[in-house]
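See below for the structure under consideration.
The values are calculated or read from the model by the stated rules, or taken from the named source; none is laboratory data. As the structure is a computational prediction, the values presented were derived from the model and not from experiment. Cβ atoms come from the backbone with ideal geometry, glycine included; neighbour counts cover every protein chain shown.
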Amino acid sequence: MSKLSNAQIAWRAAQDIEDGAYVNLGIGFPEMVAKFQPPGRQAIFHTENGILNFGESPAEGEEDWDLINAGKKAVTLRPGAAFFHHADSFAMVRGGHLDVAILGTYEVAENGDLANWSTGPKGVPAVGGAMDLVHGAKRVAVITDHVTKDGRPKLVKRCSLPLTGVGCVTRVYSSLAVIDIEAGRFVLREKLAGMSIDELQAVTGAELLVTANVGDLVTPEL
Amino acid sequence: MDKTVPDLAAAIAGIDDGMTLMIGGFGGAGAPIELIHALIDRFKATGRPGNLTLINNNAGNGRIGIAAMIDAGMVSKMVCSFPRSSDPRAFTEKYLAGEIALELVPQGTLAERIRAGGAGIPAFYTPTSFGTDLAAGKPTAEFEGRMYVEERWLKADAALLKAERADTMGNLTYRKAARNFSPLMAAAARLTIVQASEVVAPGEIDPEQVITPGIFVTRVVVVPAPQQEEALIRVGAAYQ
């Protein structure tokens, strides 16, 4: 079965970010969303460690290690950037000032619960800003493979892993579909054209609500 | 008024066994490497200070800075949001051996607890962590139809911070994203110790540009051309 690449999932998520939106991208895979902003739109990216309106990584050898993002990667500034301390940064997060947060996930449930910080009691636990980011942004979206590496659904009825937040996710961009979470249900918005609804349901861990207007999930080759 | 002290040893005077220390920085940005290493030097020479509780976003990287304090056996507890890094061996080994305690705090809650400590606010409510394992045992309350978790302030015996410019009265500016937790920690510690790349006379920092007002600062030591933790990590530096 064909599925979208990570770049294609990130591209699809980027299409829903409005011009001028204030956006936080989780560390790792979600950072890729920044590369696919549609022409003519310019989002303003926020990073937890105190920068608004940062840009791409500098060329190798040009890094300034006092100018990093939450993933500790070197970044650059765009005109109109601002620095601020950590309490102000999280006031932006929890205070409802961000338009969109896009995060990765281990599991997301039909009730909007998110599990993306811990795979269980083994090893050293680390949470970073994940639990803060799921509260406050006007839209909290997840980008993810539709299933785990061993084929189990990542979209589930209830999360089995430790929660990051309760009832916080509003949209899922997966490798197979775009799904909204509304009133405790997965509502199918788009799916890959070559896939039937039954096939999609078979790899989804909770019932998909299928409305009349399910679109094709179409992305460029990336 | 002159808050400057002549050297790093004088800057860290009074830090002793069992204290809680806030250390500025997010990863390498803002890490006060020279102050930390001065504390390690004193520990190696005198056996003090040990049994420290450290508050920082992370738990050290490589074999320098906070990681070198952990390696030296000075740290009994970390309060942090993300005890991982490109080379987390120092903390990981001691944690898995049960030799160091961890209080894991969501990053925004960590920042706000420190802010509250400096602002004289003993507790506050946040939506962060509600319904998760990190809220276990904490009081909750409903406001306007939504659930929130009660969190307590964080205070420290001392803070070690890195600034870009200081004046002799302790007014500070920071460099780029090296600011992060430092303005909050400056207010939340009883003894706030700052290393600055440059120290100038009062009036030479435009009052409009001051980020941390001097009232929050106890001592300033000049460290020209300070080391940058990430740059040290990349060349495999170790502090022993």
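Observations, loosely collected:
- Selection of helices (runs of 4 or more DSSP H) fully inside the range B:31-131 by the criterion of at least 1 residues being under 23 Å from B:Ala13 (Cβ atoms) returns B:33-46, B:65-72, B:107-119.
- Residue ID - surrounded by the most Cβ atoms within 10 Å (Cβ to Cβ), chosen from residues in the range A:157-194 that are among the β-branched types (Val, Ile, Thr) and within 17 Å of the chain's Cα centre (by Cα): A:Thr164
- Residue among B:Gly214, B:Gly203 that alone is over 12 Å from B:Glu164 (Cβ atoms), out of contact with any Lys or Arg (no Cβ under 8 Å at 6 or more places or on another chain) and either surrounded by 22 or more Cβ atoms within 10 Å (Cβ to Cβ) or more than 12 Å from every other protein chain (Cβ to nearest Cβ) (or both): B:Gly203
- Residue, surrounded by the fewest Cβ atoms within 10 Å (Cβ to Cβ), within the range A:102-152, restricted to residues that are within 14 Å of chain B (Cβ to nearest Cβ), touching a Pro at 6+ places or on another chain (Cβ under 9 Å) and of a type in the set (Gly, Ala, Ser): A:Gly120
- Qualifying residue in the range B:178-193 (condition: touching a residue at least 24 places away in the same chain (Cβ under 8 Å), in a strand (DSSP E or B) and surrounded by fewer than 24 Cβ atoms within 10 Å (Cβ to Cβ)): yes
This table checks each residue for (1) surrounded by fewer than 17 Cβ atoms within 10 Å (Cβ to Cβ); (2) more than 9 Å from every other protein chain (Cβ to nearest Cβ); (3) within 24 Å of B:Trp153 (Cβ to Cβ).
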position: B:Thr20; (1), (2), (3): no, yes, yes
position: B:Gly27; (1), (2), (3): no, no, no
position: B:Gly30; (1), (2), (3): no, no, yes
position: B:Ile33; (1), (2), (3): no, yes, no
position: B:Ala38; (1), (2), (3): no, yes, no
position: B:Asp41; (1), (2), (3): yes, yes, no
position: B:Met78; (1), (2), (3): no, yes, yes
position: B:Pro106; (1), (2), (3): no, no, yes
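- Cross-chain or 6+ apart pairs with Cβ under 6 Å, the range A:208-221 first and among the small types (Gly, Ala, Ser), then part of a strand (DSSP E or B) and at pLDDT 95 or above: A:Gly215/A:Glu190
- Close pairs from the range B:126-146: first more than 11 Å from chain A (Cβ to nearest Cβ), partner of a type in the set (Val, Ile, Thr) and not in a loop (DSSP other than H, G, I, E, B), Cβ under 9 Å, at least 6 apart: B:Lys138/B:Val149; B:Pro139/B:Val149; B:Thr140/B:Val149; B:Ala141/B:Val149
- Among the residues of the range B:139-153, none qualifies, meaning not one is of a type in the set (A, V, I, L, M, F, W, C), in a strand (DSSP E or B) and closer than 30 Å to B:Val210 by Cβ.
- All strands (runs of 3 or more DSSP E) inside the range A:100-161 with 3 or more residues being of a type in the set (A, V, I, L, M): A:100-103, A:139-144
- Output for the range A:179-201, where each listed residue is of a type in the set (Val, Ile, Thr) and over 21 Å from A:Asp16 (Cα atoms): A:Ile197
- Residue match in the range B:197-211 (condition: part of a strand (DSSP E or B) and under 15 Å from the mean Cα position of the chain (by Cα)): no
- Any chance B:Gly98 is at positive phi and either more than 10 Å from every other protein chain (Cβ to nearest Cβ) or under 18 Å from the mean Cα position of the chain (by Cα) (or both): yes
- Residues that are under 14 Å from the mean Cα position of the chain (by Cα) and farther than 17 Å from A:Leu208 by Cβ, drawn from the range A:133-144: A:Leu133, A:Val134, A:His135, A:Ala137, A:Lys138, A:Arg139, A:Val140, A:Ala141, A:Ile143
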